[in-house]
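Some notes on the structure that comes next.
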Amino acid sequence: WIPTPPLPGAPLPPPETGGDEGFLGDIALAAETIAVEAEFQGKSLEHHAAHIVVHGFLHLLGYDHMNEADAEKMEAREREILATLGIADPYA
């Protein structure tokens, strides 16, 4: 038996671990977009990509930026995490 691949845009099933415990979701990166954004913002590609990964991971943990208060919490956490990686405040 060969599994049928998912349709384009359909969510992928969690890894085969006997269930989805511990699976938070996927983070997809568009390399070309990250490169264009980094250049436009005057940031290194590596630092901007790290910011996008941290941002996506925080979304998987339940953070969002739908209102000002939530955005401030999420951005503060991003700054904290990125600082531990030696990356300057991406919002400065």
- prompt: Under 9 Å by Cβ, and 6 or more places apart or on different chains, what pairs join a residue from the stretch 56-76 that is more than 22 Å from L29 (Cα to Cα) with one that is outside any helix (DSSP H, G or I) and open to solvent by less than 60 Å² (accessible area, probe 1.4 Å)?
  reply: D70/D64
statement: Within the stretch 35-62, the residues that are buried (at least 17 other Cβ atoms within 10 Å of the Cβ) and closer than 24 Å to F23 by Cβ are A49, A50, H51, I52, V54, H55, L58
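The values are calculated or read from the model by the stated rules, or taken from the named source; none is laboratory data. Note that the coordinates shown come from a computational prediction; the quantities given were computed from them, not determined experimentally. Neighbour counts run over all protein chains shown; Cβ positions are idealised from the backbone, glycine included. All accessible areas refer to the heavy atoms of the entire protein, side chains included, with ligands and DNA or RNA removed. Shrake-Rupley method; radii C 1.70, N 1.55, O 1.52, S 1.80 Å.
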